[in-house]
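The values are calculated or read from the model by the stated rules, or taken from the named source; none is laboratory data. Since the model is a prediction, treat every value here as computed from it, not as a measurement. Here the Cβ positions follow ideal geometry from the backbone for every residue, glycine too, while neighbour counts run over all protein chains shown.
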Amino acid sequence: MAQTAAVTITLQKVLGVDGLLAGAKRPYALGFIAGRRFGRSKPIPAGAKELDLTAEAIPWKLEVAASGAIPIAVEIWDDQGDAGSKRLGSVTGSLSSPYPTRVHELGGGPLLRCDVFTREVPPAPGAVPVPRVAEGETTRATLRVPNTVIVSITEILGLHAPVSPGAAGVKRAEARPGYTSQDHLGRVYVNSDLAGAWAKDKQLIQLTAKVKVQRGKLPADAKIRWTVVEPDDPTNDDPGFHAAWGAYVDKKDYDGAGKHQGSRAGDNEGKPAKSPPWEAVSGFALASAAATEAKTTIVGDESKVVFHCPDTAGDNFIVRADIDAATQVEGFGAETGIMTMWHRIRVESIRMKSAFALPMDEVPVPFEPCCVQLDCEPEKEVPDQPQMAPKGDDLETECVAYVDKVFSNKSNPGWFCVISAMEPHPLPTKKGDKVFEGDAELKSGGAGANLSEYFEIPGTFPDVDFAELTSGSETVGFNLFSVQTETTGAGPITRCWIVEHDAQPDFTAGDGSLAHAYKVRFNYSPRYRKKGGAVTPGGYGMAAKVKVKVFNPGAFYTAGISPTVTAKGKEYFAGRTIMFTHHSAYREATTGLPKPTYSARIVGTIVHELVHAFGMPHKCGYFDFRAPRDKTCCMNYRPNWMLDDKRNLIPGTSGKTGSDVCGRHLKEVRRVHLEDNKGLAWK
């Protein structure tokens, strides 16, 4: 439909909100104009009768190239913390042609007041009557036709439209003719050329603007003025995003005390490959260029320009095109929707013939909040290998060799691989046989960083490797790193040394090396917390006397692994994941078939391993980013407890791992520069 007007809509005020706020804890508003979301707003004060939207740092204002009804809405929500946000009410309406310039009021209770300023696109000129000049007179009529020009953005190379975002599926996005991200979901890939192929340290789009002379003529000096605008990062404003992560993901929206103060722009962290970030397209000269603006010549009825985008996933921007001329001209400009930078990874899927198929169509979904697009290739079948390694100690070495053998795209930049294998190594005939259950006393040996806890049980059990300790109502599982047997006056005993649970809550995006990922580590034993050489009481808060169950090997073993790559003496995560689908967590022992929970359970594990591929550590100790709060980050281990703000353990938080990441992993995965990972060696 042809544009009939340029309509600028400014949301000003919501009247009558007091009827919605009874009992609200942290109420706020979201605005919508023609499908674009604004806010969240500043918190609505207690007892407020109206909400002044003109006080927001970013005006809730949009110019719409109108060709039909324009929908408008404001929603009032209440942030209820762990319970999530609850919608208290909304006011909706629409503006229809001719979109009269004035203050409009929509809805009833509450009432939305918005200012509308309309410039109608004039009709093309036709025949105009002029007075006839009397015979013998020299007076004449002169017609002066105003110059009116309409600009439209018709093509953006390097921009991709999502396919069913948030839903399972292998195809995640596509280049679509004429798509300009008016749904505000358009993706531009980091390290990518205009065709979507890998290109190190390059991220760009090419825009085409068409010029239509509605009446008059195009001034000879006319150019297209391109302007780039940086909107707010909308991630933390979504009602389904937990407020506890808001300040970490979008710091500028919060004050020093962590209180939300309304949406603010200026969140982008990346840098373009070129400064100023504009480049001429052959045939269309670049007349001028600055950080946020450029001018290009018009040839025929079009102009083109290349914009070099910021190099960090999650950064976003809008580009506007207007007519620019010294001669007076009435111009109607055009604007893209919000475009966002994304990682794009192709995933080679490999399955041993007898291994279970992996639900790879579901795996990309948890990565989308991280601005990661996983394009999973059709499954490739390879011969069976019932055990990856002859014994557990050889697993890492054997996995590295196996991946090198079957990963056909290992030398191609932009590729990860996921392998569906069978078992990691041979298991005992009686998997995880329980050898002791009873009372024990916790003791410690060593000091500082070398302090460890142990307990002793009667009998000789040299092969045990796992124990469950119960203190009060809480039971926690621990691996055992050393077992000593000896004979005492009371008979033989087995001394069991406990492997502490580690946590990495302070991780940051890095170079993909294990050294960076695990640089800052906390360790938790039954009664102590350690950070480096500093030991403080606490840990799992257990009493000295506990109840224990002790098991032989097989009670707890590897279900998935991300074998590393060594480069220049350092180990790196390198986008290589192996899932052991015949693991007891996934396979029915009696039938040999997948358990009913197989798909849901293994998706979280695959996501866990692929997040490692971005150089991220496991066991962050956090809940995931979602509200209501229900699951913990998929990077945690199921037996481990989560951490509070003081890095102390929270009782009762084990066994809640889901498929989503925490807010910290979400933000740091965006910040990763995979091109700098020496283990990947993507050139």
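Results, tabulated for the structure shown:
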quantity: Only one of E362, E330, E379, E335 that is over 20 Å from the mean Cα position of the chain (by Cα), of a type in the set (D, E, K, R) and crowded, with 17+ Cβ neighbours inside 10 Å; calculated: E335
quantity: Close pairs (7 angstrom Cβ cut-off, 6 or more residues apart or separate chains): assigned by TED's automatic domain parsing to the domain that holds Q328 and in a loop (DSSP other than H, G, I, E, B) in segment 196-221, surrounded by fewer than 17 Cβ atoms within 10 Å (Cβ to Cβ) and of a type outside the set (A, V, I, L, M) anywhere; calculated: A199/D193; K200/K683; K202/D193; G216/P146; P219/T327; D221/T327
quantity: Sole exception among (1) at pLDDT below 95; (2) assigned to a loop (DSSP other than H, G, I, E, B) for D384, by number; calculated: (1)
quantity: Residues located in segment 255-285, provided they are assigned to a loop (DSSP other than H, G, I, E, B) and farther than 30 Å from K42 by Cβ; calculated: K271, P272, A273, K274, S275, P276, P277, S282, G283, A285
quantity: In segment 344-359, residue surrounded by the fewest Cβ atoms within 10 Å (Cβ to Cβ) [restricted to those that are of a type in the set (A, V, I, L, M) and outside any strand (DSSP E or B)]; calculated: A357
quantity: Residue list for segment 66-101, restricted to those being surrounded by fewer than 18 Cβ atoms within 10 Å (Cβ to Cβ) and outside any strand (DSSP E or B); calculated: S67, G68, A69, Q80, G81, D82, A83, S96, S97, P98, P100, T101
quantity: Looking only at segment 286-327, and only at residues there that are assigned to a loop (DSSP other than H, G, I, E, B) and over 29 Å from the mean Cα position of the chain (by Cα), the one that is modelled with the lowest pLDDT; calculated: T327
quantity: Segment 426-443, residues that are modelled with pLDDT of 95 or more and acidic (D, E); calculated: E437, D439, E441
quantity: Pick from segment 569-600, criterion within 21 Å of F416 (Cα to Cα) and either among the basic types (K, R) or without any contact (Cβ under 8 Å) to a residue 12 or more places away in the chain (or both), ranking: surrounded by the fewest Cβ atoms within 10 Å (Cβ to Cβ); calculated: K570
quantity: Complete set of residues in segment 389-409 that are within 30 Å of the chain's Cα centre (by Cα) and without any contact (Cβ under 8 Å) to a residue 12 or more places away in the chain; calculated: D404
quantity: All strands (runs of 3 or more DSSP E) inside segment 394-448 with 3 or more residues being crowded, with 18+ Cβ neighbours inside 10 Å; calculated: 415-421
quantity: Criterion: under 18 Å from G240 (Cβ atoms), in the same structural domain as G575 (by TED's automatic domain parsing), in a loop (DSSP other than H, G, I, E, B) and of a type in the set (K, R) - qualifying residue of R664, R629, R647; calculated: R629
quantity: Among (1) modelled with pLDDT of 95 or more; (2) closer than 30 Å to G512 by Cα, the one test that A544 misses; calculated: (2)
quantity: Subset of segment 35-81 (residues that are under 19 Å from Y254 (Cα atoms) and of a type in the set (S, T, Y)); calculated: S41, T54
quantity: Subset of segment 424-467 that is hydroxyl-bearing (S, T, Y) and touching a Leu at 6+ places or on another chain (Cβ under 9 Å) - its residue that is farthest from T536 (Cα to Cα); calculated: Y454
quantity: Segment 551-568, residues that are in a strand (DSSP E or B), of a type in the set (G, A, S) and crowded, with 20+ Cβ neighbours inside 10 Å; calculated: G560
quantity: Single residue of P563, P505 found to be modelled with pLDDT of 95 or more, of a type outside the set (K, R) and touching a helix residue (DSSP H, G or I) at 6+ places or on another chain (Cβ under 7 Å); calculated: P563
quantity: Criterion (modelled with pLDDT of 95 or more and not aliphatic (A, V, I, L, M)) met by exactly one of R225, R172; calculated: R225
